[in-house]
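A short write-up of the structure that comes next.
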Amino acid sequence: MSFLLKDTIHGSLVDSVYNEFLSRRASYYYFIGNIIEWASPQAPETPQATQNYEYNTRNGILSVKRINLRDVSYVVPRINWASGTVYDQYDGNYSASFPADSGATSLKTANFYVLTSTFGVYKCIFNKNGAQSTEEPSGQDITTITTSDGYVWKYLYTIPLSSINRFLTPEFMPVQRAVTNAYYSVGEVSTITINNGGSGYTSNDDVTLTVTGQFLGGTGNSIANLVPVFNTSGEFIDVKIKDPGANYKTATINIVDGGIVGTSLLKNISNVKIYNPGAGYTSAAISNTTATITTTGLTQPTSNAFANLIFSSNALVDIVLINKGTGYTTAARANTTITISTTGNSQPTSNASANLFYSSSAVLTPVLRNGTIHSVLIEDEGTGYSSNLSTTISVIGDGTGFVATPYVNAAGQVEDVIIENRGNGYSYLNLTFASATGSGANAFANLSVDDIDTLQTVVELSAINGGIHAFNISNVGSGYSYANVTVSGDGISFSGNVIVANNTISYITVLTPGSGYTFANVIITGDGSNANASAIISPYRGHGSDPVKELFADTLMFTSTINNEKNQGVSVKNDYRQFGIIKDLKQYGNERAFANVIGSSCYLVTVDTINGLERDMVLTHSTGTSKRYFEVVEVVPSSNQILVQNKNNHDVTTGDVLTDEASDLDYTITDLTISPTINKFSGDLLYIDNRTSVSYSEQQLVTLRTVIKL
């Protein structure tokens, strides 16, 4: 029996795994574990595909970190463009009897694409009959690009900065779709997830917000409770709605600053009040009446304000600011006026006039919905308010521009992180809260995964299905001084020129590739004879429509970083020797799926004494005739706490005694502070990687990177 397993089956398997991330049908986690040294420290043991080895690996798991969509990428072998290299032109008919110029016997193994020095990816469409490439392709044209060496290239995409940082290695380069997967990311911070709010942090008590207004009547009236959040410049960056109130008809937010008095940041015109409504404004006069806001003198506003007039019953009834302007300083205000004038023959009997009023503070506008404050619009952030920021955020990452401010609630917990600038180019970002009073807060940055690159989107959508971009000349013929080419098939609109050299057919240039071809017969006419050529038809949907399929991506790269990660809120200084990937974990103690960013298999317990306790010690707890074993991961002297790894998912509780059998010292658990969050014996263990010891460090960034070929 003969059969053929097509290369596309590997891509199909890769797609199925990637789509689990895309659809969130499954949850993948990196795990780290094994704090006990190998028998030969510099020669880690080889993982075994046995049930016992998997059991021991699971037993050593310390913690897990979720692999998000942005942590996984299709990758293909990296082929750098280099001058003097002969690149294979795209041809889906390479075989043992018809090899590529490189000797490859299939398109998948051919060198038919390149990565340039500017991280652009280009497909070789025509290599000028096996000539050397001497000019690096450049440009981002949605059609083909011809270089001075005669090569024809098709631009596919440019690897974004965040993917360069995460997935570009000497062996592999990332490949992505823009339209079908919404994968292209510029590495922005989209959200911040607070894993632990900590305690003892200082909140801002100097500025309060009061809400005044009218209620709808009846019963059930309640006053809203709003809390401001400031950045270091004393600007409003958010307003937390702690209680939305009830039964509001109208509402106004008043700012009370117990420290210093903040001012307007925008310095715009807040409103215009009619001083004299005028009279006799007929329809003819109204059509020629305008309001002009002008500033004389050297000091001008940053941007000018504009207003529209509203008339009723032949008089001015309202003035609407369509642009409030900005930068009306004290000097500019002194020379700014509003003039209401009418041109033409139809004049009012008396002219209207108005006065300008300027913002002097931040402007917060409540949005009411069903009698409650649904949200607050910060129309003017203000500046110089008493920010009283005693809790700040420091960041470590490989991008730039991220700025955020923590919000501390009245209980002294970090409740939220307000992103002021999302930054860009991040493949990882670690956050640390700095405070003289608080401790224990921990948060994680969620980076963008759905930024569709416009250029790649255009390239994909502009691809020509069934186009003819190149030819194979199987017989150059003889006796030609000129020649023409025609194509017959099921497509339309191809046109090209035949290039003759030494009375033979050298190659065929494409003027218009046409479209819709699935087969094509090539006819060469002229004053010679015996020339023969075959058309190279673009892949389904065209060159550039799906780089993942076109470059035969059958490999996934997973990546994650570890930098000062906390386990159950404890900074771990111990080392580990094993990491891997596990799928679809369950929560500890029940059958619900585990879905948090970080998970731990450890207990954090308070004991009566820590004398004699050290990392890596094995403690036992006797229950009748059996013993339970626990490994000490970390000792916290300041609080008499130890982080212990439970072996075999054994439970402990307050009052249990843990014994160091080597010294015969006992340690009584006085408080079961935090229990494990994951069942390390659940889920599918997919990958195990044994290493020499790797230590946790606040300064050291550890990158986990796994390449899986399906």
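A few notes on this one:
- Segment 576-595: number of residues that are assigned to a strand (DSSP E or B) and either in contact with an Asp or Glu (Cβ under 8 Å, 6 or more places away or on another chain) or over 20 Å from Thr46 (Cβ atoms) (or both): 9
- Residue within segment 431-447 that is buried (at least 18 other Cβ atoms within 10 Å of the Cβ), on the phi > 0 side of the Ramachandran plot and in contact with a strand residue (DSSP E or B) (Cβ under 8 Å, 6 or more places away or on another chain) present: no
- The listed residue being touching a residue at least 60 places away in the same chain (Cβ under 8 Å), of a type in the set (Phe, Trp, Tyr) and in contact with a His (Cβ under 9 Å, 6 or more places away or on another chain), out of Phe594, Phe552, Phe558: Phe552
- Condition met for Thr290 (modelled with pLDDT of 90 or more, more than 18 Å from Ile378 (Cβ to Cβ) and not aliphatic (A, V, I, L, M)): yes
- Within segment 406-449, the set of residues being among the β-branched types (Val, Ile, Thr), in contact with a Gly (Cβ under 7 Å, 6 or more places away or on another chain) and outside any loop (DSSP other than H, G, I, E, B) comprises just one member, Val414.
- Top-ranked residue in segment 560-596 [being surrounded by 17 or more Cβ atoms within 10 Å (Cβ to Cβ) and among the aliphatic types (A, V, I, L, M); ranked as nearest to Ser163 (Cα to Cα)]: Ile562
- Flag if Thr118 is surrounded by fewer than 16 Cβ atoms within 10 Å (Cβ to Cβ), β-branched (Val, Ile, Thr) and closer than 22 Å to Ile473 by Cα: no
- A Cβ distance below 9 Å, combined with a sequence gap of six or more or placement on separate chains, defines the contacts here; from segment 39-53, residues that are open to solvent by 60 Å² or more (accessible area, probe 1.4 Å) reach residues that are at pLDDT 90 or above and of a type in the set (D, E, K, R) in the pairs Ala39/Glu45; Gln48/Glu54.
- Among the strands (runs of 3 or more DSSP E) confined to segment 596-710, the ones with at least 3 residues that are in contact with a Pro (Cβ under 9 Å, 6 or more places away or on another chain) and not aliphatic (A, V, I, L, M) are located at 684-695.
- Top-ranked residue in segment 459-506 [being of a type in the set (A, V, I, L, M, F, W, C) and open to solvent by 60 Å² or more (accessible area, probe 1.4 Å); ranked as farthest from Asp527 (Cα to Cα)]: Leu461
- Residue within segment 270-280 that is surrounded by fewer than 16 Cβ atoms within 10 Å (Cβ to Cβ), of a type in the set (Gly, Ala, Ser) and closer than 20 Å to Ile340 by Cβ present: yes
- Residue tally, condition free of Cβ contacts under 8 Å to residues at least 12 places away in the same chain and part of a loop (DSSP other than H, G, I, E, B), over segment 499-534: 1
- Residue that is modelled with the lowest pLDDT [pool: residues in segment 535-572 that are touching a strand residue (DSSP E or B) at 6+ places or on another chain (Cβ under 6 Å), closer than 30 Å to Val644 by Cα and not in a strand (DSSP E or B)]: Asn563
- Given (1) open to solvent by less than 40 Å² (accessible area, probe 1.4 Å); (2) part of a strand (DSSP E or B); (3) under 24 Å from Gly325 (Cα atoms), number of the condition Val227 does not satisfy: (3)
- Single match in Leu672, Leu665 (criterion: farther than 28 Å from Gly580 by Cα, free of Cβ contacts under 8 Å to residues at least 60 places away in the same chain and among the hydrophobic types (A, V, I, L, M, F, W, C)): Leu665
- Residues of segment 123-147 satisfying the condition of being within 15 Å of Ile79 (Cα to Cα) and either touching a strand residue (DSSP E or B) at 6+ places or on another chain (Cβ under 7 Å) or modelled with pLDDT under 95 (or both): Lys123, Cys124, Ser133, Pro137
The values are calculated or read from the model by the stated rules, or taken from the named source; none is laboratory data. Here the structure is a predicted model, which is why all the values come from computation and not from measurement. In this analysis, Cβ positions are derived from the backbone assuming ideal geometry, glycine residues included, and neighbour counts consider all displayed protein chains. Just so you know, the surface numbers come from the protein's heavy atoms only, side chains and all, with ligands and any DNA or RNA stripped out. Shrake-Rupley method; radii C 1.70, N 1.55, O 1.52, S 1.80 Å.
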